[in-house]
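In what follows, a single structure is set out as structure tokens and then discussed.
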Amino acid sequence: MSRKRVKLLVDSLTRSSKHFNKSEVECLVNLFDTLVAKASSHFAGAGFDRTVFRDTLHSAFGLTDEVMLDRVFSAFDRSNTGSITVVEWVEGLGVLLRGTLEEKMKCKIDLYANIWYLKPSKTSANIHLLAQWGHSSSCISSSSSSAWKQKWRKYKMGVKDLVEIALKKMDYDHDGKLSFTDFEKAVREESLLLEAFGPCLPDIKSIIAFEQKVFRETPK
Amino acid sequence: MFPNGCRAPPWRQVHGEICYLVIKPHDTDPLYITCSTAGVFLNGGQLKGKEIDYERKSNLYKDIVTFLRERSPRFVENMAKQEYSFFKEPAHENYQHVEDAEIFGQSQSFHEFRRMTVCGRGKSSSLGSPGQRLKPCMKWKNSELSASQRPKSSSDKSPKKDSEEEGKSSTVSLTTKKKASGKSKTVKIQEASKCKASSSPEDVGESSSETDEDEQPLRRQEGSTDLSAEYWGVQKLAKYVKGGDPTATVIALCSMRDLNLSQETCQLAIKDTGCLEVLINLLDTEEIKCQTGSLKILKEISQNVLIRHAIADLGGLEIMVKILDSPDTDLKCLAAETIANVARFKRARKTVRQHGGIKRLVELLESISVGSSCQAKDTETARCGALALWSCSRSTKNKKAIRKAGGIPLLARWLKCSHTSILVPIVGTLQECASEPSYRLAIRTEGMIENLVKNLSSENEELQMHCASAIFKCAEDEEIRDLVRKHEGLQPLSVLLDNSENKQLLAAVTGAIWKCAISRENVLKFQEYKTVETLVTLLTDQPEEVLINVIGALGECCQEEENRSTIRKCGGIAPIVKLLSATNQALLVNVNKAVGGCAMEPENMLVIDSLDGVRLLWSLLKNPNPEVQASAAWALCPCVENAKNSGEMVRSFVGGLELIVNLLKSKDKEVLTSVCAAIANIAKDQENLAVMTDHGVVPLLSKLANTNNNKLRRHLAEAIAHCCMWGSNRVAFGETKAVAPLARYLKAKDPLVHRATALALYQLSEDPNNCVIMHENGVVKLLLAMVGSTDDALQEAAAGCIANIRRLALATEKAKYG
């Protein structure tokens, strides 16, 4: 990209983005460029793909959950092209790093949307939750010792219980399912529940670390 | 350490050995002992390196105490002082608990240490230098017994109960036992395995000695642990809080918040299920979500006294102070709010201070983010910080710490904002701190009075109350009183008097009026606002703290002549005189002052006399409190002066004159001064003076003559002047050596002293011997200067005195030379 084009791009992004100032946008664009350069071996085009994205988020924010990262990617990838453009990148990071509760919630709903959209039933939500919580302890299940197995069985029971608890707490219209409105209401009441279905937003420490790392490079 | 709790290596465990200790008594060499299931015995000591000679070198004793009794006479001596009833249980059960600490301390702290380990609080905290800072904790008697009763595998929750029991008993027994502890010998128990983790008994000991104004956890009835629905709910959720990944924990925490956490059963259920420990442990993690969730619960349940103490005991405060450094604002707010709840007792406040919490809390007030959108958040942060500071500011040292951390300008800045939610804690903190002179100075110089006055007219009664009590405390300083007037704070104060429902507010407002009324100009303002009339209506049916302030305010207003008659016209004298028979000493002091003020007007005096007020005042001279005595004596002065037939009235009090003369033996300067003033007034009546002379008033007054206190000098000189009028008192004063010191009073700088002294000297100079003494002390020169004074009384007295001296000189000359 020519220097002039970069400048134009930065200007337009600065105008559209609520969360970053000009120098910060510049940094993010720079970062994007390096990432694209890295990705170009896999994928040619004006963006980078799932793997690079996942790697980046993993190293920057310590998000490990693959399922979730996939969904974060889909959320970033508004145009559904399978690659993230520079605009999507800056806007997505805006929500991730500096987003208000509203924006984060909307993003979350987007994240969870696919599942609900496909199977908006109680069981599916349950299965999803089970998968979520089961996932993190899969290492336990893979262990072969019988004592561990017993523990795992207990844990699974616990997970079921927990799903009940969560449903009871968040199901405001008592239809046995979690709808968007339910979720929205629950999160408004208790912002902690934002992450109830698995972590996909970075915590503040890694955000600060990331911002320091990226924005420090600003040529002032 | 091995999983079964033993310290001994496995090959020794087969012999039943549990651990090896080194005990260093005061009077003998270090003892190397082995604790085994069979009992305690001396082993061969430490060989080179870490090896221990396991060989048994002594008889087998059933426990350490028996062993030490045998070995160390000093130990027996000190044990005897502790009235310690030893238990007959098999001893080795306790040694199970002597686990992971290297303890330095006195014999009691050894037991204290045992208690600590039993309680599962082997967590490390700061350890003082050996034996020096350790304040012995007297809780071991209790703990010993409870330890003996406890089964080997002590459950999680029982230790907490014990520590509470001990916490309670210690405060009761500490004072008596403290004396014995100073001499107690040092038993140094050292784990052979050199484990460094140790607990700090001094913390507990020190704090439990500070019991003033502290809340004490009330012992809960044992029966109340009936397992309610909440209990099971909590227990179920506790399971998920404990186990599972962060997401599961967060959901469980959120669900727990849906329980009714303000309910006591629920709070205690959280404590009893061991959930509290988990919540506190969660604070120590890196997971912000979990920390937030946990703090949200802790904030709620820390309303409970028991929970507060438990949180402090579990080291929760330290972690919360650490959280104050977190980058997450919400988390900081929650931590500060929880600290505000927990820091309601002294030990907690001390912990917060010692871990640098004050500085961090002050920093919360500092936060300014850019942009207007963040302002709400800033206010919230500051509010939480202020709340915590408010709680902390109840300790004097914390007040200093806040000042050092630069908190005052920040408080001043926030005081200017208009949100009631933040103003309440800010003003609350200021109000707490205003007891320190340095804060009062700062409040004045930072211009906070203006805002305090402004907030008096706020809607919020709590805020009004704190503002009023801040002014109450600040108005001790004259400049502040003037500032309050300049900022027109007196009118809102008088307006607030109409709100007589809220007693706390009323107490604070009347207090502020009282202190403000010390300045004359303020009294004039109050007259304008008809405050005196309102105050008089508040004399009946009010709680004591309101009464004290109301009476105090009236007493100050009485200094103004107009108000004295106002009080009479409003019918205020009867209730005031009635209060003379109260018992509260602070109240009595103020009542005395008010009565004294009223009595300055002869018409009032009639009323007081008809209500038998003088007799009541007189009987207050018997009060053991010197302040009450002094104020009563002051009040008597105008009474005696203005009453009709005062001489007869005074004589009618049987033993009254003897009583007042005997008060001259008091050690309190103020009492002496006031009594001298009263005697000066009483002595105006010849008969009374005669009675007082019989009771030996002359030598008692003479004894006081060698004082440097100008106020006392003045009233003493007056008393002497009046007492000279009877019989041979003039000669007696000379004989009791009162004249020479009196002559020196003329060198003082206070003109009032000069006047009284000149009067006294004039009276005394009627006796030739006194004239000689005066002349020897160089009085004439000083008096000559005073003849030129503008004060008529002084002039006259000085001249009279000189005349007397001169006359004597002439007479002697005449006698000599014929």
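Rundown of residues vs (1) buried (at least 24 other Cβ atoms within 10 Å of the Cβ); (2) without any contact (Cβ under 8 Å) to a residue 24 or more places away in the chain; (3) not polar (S, T, N, Q), yes/no style:
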| position | (1), (2), (3) |
| --- | --- |
| B:384 | yes, no, yes |
| B:409 | no, no, yes |
| B:412 | no, no, yes |
| B:418 | no, yes, no |
| B:470 | yes, no, yes |
| B:474 | yes, no, yes |
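Across the range B:231-275, what is the total count of residues that are within 14 Å of chain A (Cβ to nearest Cβ) and in a loop (DSSP other than H, G, I, E, B)? Give the derivation first.
Here is the first cut: in the range B:231-275, the ones within 14 Å of chain A (Cβ to nearest Cβ) are B:232-259, B:261.
Now drop any that are not in a loop (DSSP other than H, G, I, E, B), which leaves B:243-245, B:259, B:261.
Going through the range B:231-275 one residue at a time, the tally reaches 5.
Listed here are the residues, each with its yes/no results for (1) modelled with pLDDT of 70 or more; (2) assigned to a strand (DSSP E or B); (3) in contact with a His (Cβ under 9 Å, 6 or more places away or on another chain); (4) among the hydrophobic types (A, V, I, L, M, F, W, C).
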residue	(1), (2), (3), (4)
A:46	no, no, no, yes
A:52	yes, no, yes, yes
A:94	yes, no, yes, no
A:102	yes, no, no, no
A:112	no, no, yes, no
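Out of everything in the range B:689-703 that is touching a residue at least 12 places away in the same chain (Cβ under 8 Å) and either among the charged types (D, E, K, R) or crowded, with 23+ Cβ neighbours inside 10 Å (or both), what residue ends up being farthest from residue B:643 (Cα to Cα)?
Within the range B:689-703, the subset touching a residue at least 12 places away in the same chain (Cβ under 8 Å) is B:689-693, B:695-703.
Imposing the further condition that a residue be either among the charged types (D, E, K, R) or crowded, with 23+ Cβ neighbours inside 10 Å (or both) reduces the set to B:689, B:692, B:697-698, B:701, B:703.
On the way: B:689: 17, B:692: 19, B:697: 23, B:698: 25, B:701: 25, B:703: 30 Å.
My answer is B:703.
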query = In the range B:413-477, which helices (runs of 4 or more DSSP H) lie fully inside it and hold 3 or more residues that are under 23 Å from residue B:344 (Cα atoms) and not basic (Lys, Arg)?
reply = B:420-433, B:461-474
task = Evaluate the range B:277-285: report whether one residue or more is away from chain A (no Cβ under 14 Å), surrounded by fewer than 17 Cβ atoms within 10 Å (Cβ to Cβ), out of contact with any Gly (no Cβ under 9 Å at 6 or more places or on another chain) and among the hydroxyl-bearing types (Ser, Thr, Tyr).
result = no
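Quickly run through the range B:697-743 and pick out the residues that are of a type in the set (Gly, Ala, Ser) and within 41 Å of the chain's Cα centre (by Cα).
First, pick out the residues of the range B:697-743 that are of a type in the set (Gly, Ala, Ser): B:702, B:705, B:717, B:719, B:721, B:727-728, B:732, B:734, B:738, B:740, B:743.
Those that are of a type in the set (Gly, Ala, Ser) and within 41 Å of the chain's Cα centre (by Cα): B:702, B:705, B:717, B:719.
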message = I'm checking my understanding of the structure. Among residues of the range B:320-332 that are surrounded by fewer than 19 Cβ atoms within 10 Å (Cβ to Cβ) and either assigned to a helix (DSSP H, G or I) or more than 14 Å from chain A (Cβ to nearest Cβ) (or both), which one is modelled with the highest pLDDT?
response = B:322
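Would you confirm, using the coordinates I've provided, whether residue B:717 is part of a helix (DSSP H, G or I), out of contact with any strand residue (DSSP E or B) (no Cβ under 9 Å at 6 or more places or on another chain) and among the small types (Gly, Ala, Ser)? So that I can check it myself, show each step before the final result.
Numbers: part of a helix (DSSP H, G or I): yes; out of contact with any strand residue (DSSP E or B) (no Cβ under 9 Å at 6 or more places or on another chain): yes; among the small types (Gly, Ala, Ser): yes.
Against the criterion (part of a helix (DSSP H, G or I), out of contact with any strand residue (DSSP E or B) (no Cβ under 9 Å at 6 or more places or on another chain) and among the small types (Gly, Ala, Ser)), residue B:717 qualifies.
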inquiry  = Among the residues in the range B:341-362, are any within 14 Å of chain A (Cβ to nearest Cβ), over 21 Å from residue A:207 (Cα atoms) and of a type outside the set (A, V, I, L, M, F, W, C)?
reply    = no
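Which one is farthest from residue B:710 (Cα to Cα) among residues in the range B:744-778 that are outside any loop (DSSP other than H, G, I, E, B), among the hydrophobic types (A, V, I, L, M, F, W, C) and within 49 Å of the chain's Cα centre (by Cα)? Even if it seems obvious, please write down each step before you answer.
Initial filter on the range B:744-778 (outside any loop (DSSP other than H, G, I, E, B)): B:744-745, B:751-764, B:768-776.
Adding the requirement that they be among the hydrophobic types (A, V, I, L, M, F, W, C) leaves B:752-753, B:756, B:758-761, B:764, B:771-774.
Then keep just the ones that are within 49 Å of the chain's Cα centre (by Cα); that gives B:752-753, B:756, B:758-761, B:764.
Working: B:752: 9, B:753: 7, B:756: 11, B:758: 14, B:759: 16, B:760: 15, B:761: 17, B:764: 20 Å.
Checking each candidate, the answer is B:764.
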message = I need the full set of residues from the range B:609-638 which are free of Cβ contacts under 8 Å to residues at least 24 places away in the same chain and under 19 Å from residue B:669 (Cα atoms), in order please.
response = B:624
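Select from the range B:298-309 the residues that are of a type in the set (Val, Ile, Thr) and surrounded by fewer than 24 Cβ atoms within 10 Å (Cβ to Cβ) and write down the one among them that is farthest from the other protein chains (Cβ to nearest Cβ). Let's see the steps before the verdict.
Step one: of the range B:298-309, the residues of a type in the set (Val, Ile, Thr) are B:301, B:305, B:307.
This time we only want the ones that are surrounded by fewer than 24 Cβ atoms within 10 Å (Cβ to Cβ), so: B:305, B:307.
On the way: B:305: 27, B:307: 21 Å.
Restricting to residues being of a type in the set (Val, Ile, Thr) and surrounded by fewer than 24 Cβ atoms within 10 Å (Cβ to Cβ), the top hit is B:305.
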note = Looking across the range B:784-808 at residues that are among the small types (Gly, Ala, Ser), in contact with a helix residue (DSSP H, G or I) (Cβ under 8 Å, 6 or more places away or on another chain) and modelled with pLDDT of 85 or more, the single one that is surrounded by the fewest Cβ atoms within 10 Å (Cβ to Cβ) is B:799
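Between B:642, B:584, which is in contact with a Pro (Cβ under 7 Å, 6 or more places away or on another chain) and either modelled with pLDDT under 85 or among the polar types (S, T, N, Q) (or both)?
Working: B:584 fails: in contact with a Pro (Cβ under 7 Å, 6 or more places away or on another chain).
Being in contact with a Pro (Cβ under 7 Å, 6 or more places away or on another chain) and either modelled with pLDDT under 85 or among the polar types (S, T, N, Q) (or both) holds for just one of B:642, B:584, which is B:642.
Could you tell me which residue of the range B:627-684 is nearest to residue B:720 (Cα to Cα), considering only residues that are touching a His at 6+ places or on another chain (Cβ under 7 Å) and surrounded by fewer than 20 Cβ atoms within 10 Å (Cβ to Cβ)? If you could, list the steps in order and put the result at the bottom.
The first filter runs over the range B:627-684 and keeps only residues touching a His at 6+ places or on another chain (Cβ under 7 Å), leaving B:657-658, B:661, B:673, B:676-677, B:680, B:683-684.
Those still in the list that are surrounded by fewer than 20 Cβ atoms within 10 Å (Cβ to Cβ) too: B:658, B:684.
On the way: B:658: 17, B:684: 11 Å.
Among residues in the range B:627-684 that are touching a His at 6+ places or on another chain (Cβ under 7 Å) and surrounded by fewer than 20 Cβ atoms within 10 Å (Cβ to Cβ), the one nearest to residue B:720 (Cα to Cα) is B:684.
Scan the range B:11-23 and give yes if some residue there is assigned to a helix (DSSP H, G or I) and surrounded by 15 or more Cβ atoms within 10 Å (Cβ to Cβ), otherwise no. I'd like the intermediate steps shown before the answer.
Filtering the range B:11-23 for residues assigned to a helix (DSSP H, G or I) gives B:11-13.
From what's left, surrounded by 15 or more Cβ atoms within 10 Å (Cβ to Cβ): B:12-13.
Yes, the conditions are met somewhere in the range B:11-23.
The values are calculated or read from the model by the stated rules, or taken from the named source; none is laboratory data. All values derive from a computational prediction rather than experimental measurement. When we count neighbours, we look across all protein chains shown, and the Cβ atoms used for this are built from the backbone with ideal geometry, even at glycine.
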